[in-house]
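No lab work stands behind these numbers, since they all come straight from the coordinates. Just so it is clear, the model here is predicted, and its values are computed rather than measured. As a convention, Cβ positions derive from the backbone with ideal geometry for all residues, glycine included, and neighbour counts pool all protein chains shown.
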Amino acid sequence: MLTFAILVQLLIMKKNKAHLQILNRSALILRPLKPMEDWLNACTGKRVYDFSKAEPSVYLLEEYLDPDEGAAAWKSIYPSVFEQELGEWVENPALWPADRSLSVFLDFFDVSLAGTVTDTIDTPFESYS
């Protein structure tokens, strides 16, 4: 379903003759916070990475029209996303926090959503999984 914002983007793209394609996806954007850095440093016994300079992780979600739908979508997959993020830094799940509740997830990450995702590259993407 087209929203007003998507219609505006389509008109701008047509005017600029850009090779941009709006995808039928939304995005979950995660930025690690200090508790994530503290956990990682405690696991490794040293400062591994300065999370203040970390790039966000982006996860594609089903397209949503209502912010409540977007929130429900990411909350339904947060356990898998949390494990993916932890596993990127520490491979041994035995070292991951025992409490991986939504509350801890929100302590570890700043969460934001993007309701519109636009592909700016005119070639098919590859999946690494």
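Structural remarks
- Table column - 3J(HN,Hα) (Hz), the stretch 111-127, Karplus curve with 6.51, -1.76, 1.60, x for Gly and Pro: 10, 9, 10, 10, x, 10, 10, 10, 8, 9, 10, 8, 9, x, 8, 10, 9
- With neighbour counts taken as other beta-carbon atoms within 10 Å, the residues 82, 108, 51 rank, fewest first, as 51, 82, 108.
- Exposure rule at most 10 other beta-carbon atoms within 10 Å, DSSP loop trypsin sites (Lys or Arg not before Pro): the chain longest free segment: 48-129
- Rounded to the nearest 20 debye, the dipole magnitude of the chain is 440 debye, with +1 charges on Lys and Arg beta carbons, -1 on Asp and Glu beta carbons, and the Cα centre as origin.
- In Hz, Karplus ³J(HN,Hα) per residue of the stretch 59-67 (6.51, -1.76, 1.60; θ = phi - 60°; x = Gly, Pro): 10, 7, 10, 4, 4, 10, 10, 10, x
- Remark: 66, 107 ranked as 66, 107, counting other beta-carbon atoms within 10 Å and listing the fewest first.
- Separation in nanometres of the label points that stand 7 Å from Cα toward Cβ, at residue 72 and residue 100: 2.5 nm
- Gained length - residue 34 relative to residue 55, 0.36 nm times residue gap less alpha-carbon distance: 6.2 nm
- Sorting 111, 48 by the number of Cβ atoms found within 10 Å of their own Cβ, with the fewest placed first, yields 48, 111.
- Charge-dipole axis of the chain as Lys and Arg at +1 and Asp and Glu at -1 on Cβ define it, positive-most pick from 28, 95, 52: 52
- Close amide-amide hydrogen proximity is noted between residue 23 and 117, 118, 119, each under 5 Å apart and 5 or more residues distant or on a separate chain (H modeled in the peptide plane; Pro and chain starts excluded).
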